[in-house]
Structure formats: C-alpha cells, structure tokens
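First comes the structure, then the notes that go with it.
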Amino acid sequence: LKSFKECNLPCAANATLVGTMGDPVEIRGWQLHSLPADPVSIDNALLVTRGKRWPLCIDPQGQAHTWICDMEEEHNLEVTTMANPNMLRSVENCIRVGRPLLFEDCGETLDPSLEPVLARATYKQGGRILIHLGDSDIDYDENFRFYMTTRMSNPHYLPEICIKVTVINFTVTLDGLQDQLLADVVNIERPDVEERKVALLGIAADKKKLSDIQDE
C-alpha cells in the first residue's frame, strides 16, 4: 500500500487479500470444513485455492491437512506419501479421472518424477490434453488438484523447489490461536451472534447469485 501511494496509484485505504480475492460464501464453506476462523488461515486458504502453482503447506499442527481432507472428501480425495511404492500410479490415476490428490508428510526434497505435474507441463494433441508422466503420455483432466503438506515446523526448501510450488506457512500464530479461540467462544456463548453472521452470509450468497445472473 505504501508503494502504491508513493506512485499515486489508486487503491483502497485498507485493502486486504480477503477483501480483494475472497468470497464470503466460499470462506464460510471452508470454515464448515474445519478451516480455522482466524485471518491468517483464511489468507492461507486463498493462496491454496487461487495460486498458479500447486500448494506445499508447512503444517506442524495438521490444520491444513484436516481442512483439505474435509473439503475434498466429496470429490474422492486420494491421500498418499512420497515413500509409497505405488505413488506414481496414484498420481496417474488421479490425473486421468480428475480426482484431488494429497501428498502428506513431504520431506525437504520432492520426487523428480513429479516434475511434469508440478510444472503443469500439459500439451494438446488431437483435441486431447495430455501430460508426459514416467514413460507414457496420459490424459489430463482439468478437475485434477494436487496438494502437499509437511509436518516439519521449519523445513529448508531449496530454491529449485520453491519456484515450482507455492510454499504456504500454516503454522498457528499466537494471534491466529486467539482468533480461533474467540470464534469458538462466540459459537458456544453467543449462538445468536453466529446466527446473524450466517444470515448475512446468506444475503451475500444471494447477491453473488444475482450478480452472476446479471453477468450472464
């Protein structure tokens, strides 16, 4: 914001990532799927879902893992690890049928065979979208989503990994923990406030639907 003001570029006085890229209805859905209610977690969730590269979450408390598993359960999420001997087969199957895939407990290095997946190195041939994985070309379903989490609290990723993935720090901060506790207390002590919030989100959902219909 400081740089924007120095260059005399127009910007909101209190712009936030959530305000710019967040959808209140979608965020509420994430929270119903176990995403903590603090601003840091919501910002992280936006980076996971809006990023151009696949996310790698530093997740010592397991909050990102729980949220991803809950959110993608209805889409038949497959969970595997780098150490699994059938790892490449899982990746291949998920890419083919468009299922989400979660790699849990990643280390500080990633398997070189995942290089085309991380680079999203797809190409078109005869109207089909393909990706070269291992020693074969397979159909690439656009619905495929790829997540990685690590339980290490302070991993050191080399630059060649950082440029291929979006590294997101899901470690709970003191402020984040206070916000989560406050949200839980409000839920229990003042359910009427929570109901009002849900009602407001319902109005937001209706407004979004109205604007989508107008756009069409």
Checking residue 164 against (1) among the basic types (Lys, Arg); (2) under 24 Å from residue 52 (Cβ atoms); (3) without any contact (Cβ under 8 Å) to a residue 40 or more places away in the chain: exactly one of these is not met. Which one? (3)
Could you run through region 101-151 and say how many residues are part of a loop (DSSP other than H, G, I, E, B), in contact with a Gly (Cβ under 8 Å, 6 or more places away or on another chain) and surrounded by fewer than 18 Cβ atoms within 10 Å (Cβ to Cβ)? 4
From the option list 168, 161, single residue qualifying as part of a helix (DSSP H, G or I) and either under 30 Å from residue 121 (Cα atoms) or among the β-branched types (Val, Ile, Thr) (or both) is 161
Restricting to region 133-154, count the residues that are more than 23 Å from residue 90 (Cβ to Cβ) and not small (Gly, Ala, Ser). 1
Would you mind stating whether residue 153 is polar (S, T, N, Q) and touching a Ser or Thr at 6+ places or on another chain (Cβ under 6 Å)? no
Among the residues in region 87-104, are any without any contact (Cβ under 8 Å) to a residue 24 or more places away in the chain, touching a helix residue (DSSP H, G or I) at 6+ places or on another chain (Cβ under 9 Å) and among the small types (Gly, Ala, Ser)? no
On the basis of being of a type outside the set (Phe, Trp, Tyr) and without any contact (Cβ under 8 Å) to a residue 60 or more places away in the chain, does residue 176 make the cut? no
With the requirement that a residue be in a helix (DSSP H, G or I) and open to solvent by 100 Å² or more (accessible area, probe 1.4 Å), what does region 176-194 give you? 178, 181, 182, 188, 189
Need the failing condition index for residue 154 against (1) part of a helix (DSSP H, G or I); (2) open to solvent by 80 Å² or more (accessible area, probe 1.4 Å), just the number. (1)
Within region 1-100, considering only helices (runs of 4 or more DSSP H) that don't extend past its boundaries, which have at least 2 residues that are open to solvent by less than 50 Å² (accessible area, probe 1.4 Å) and at pLDDT 90 or above? 39-50, 63-72, 87-97
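The values are calculated or read from the model by the stated rules, or taken from the named source; none is laboratory data. Source: prediction; values computed, not measured. FYI the Cβ positions are ideal-geometry reconstructions off the backbone, even for glycines, and counts take in every protein chain you see. Just so you know, the surface numbers come from the protein's heavy atoms only, side chains and all, with ligands and any DNA or RNA stripped out. Shrake-Rupley method; radii C 1.70, N 1.55, O 1.52, S 1.80 Å.
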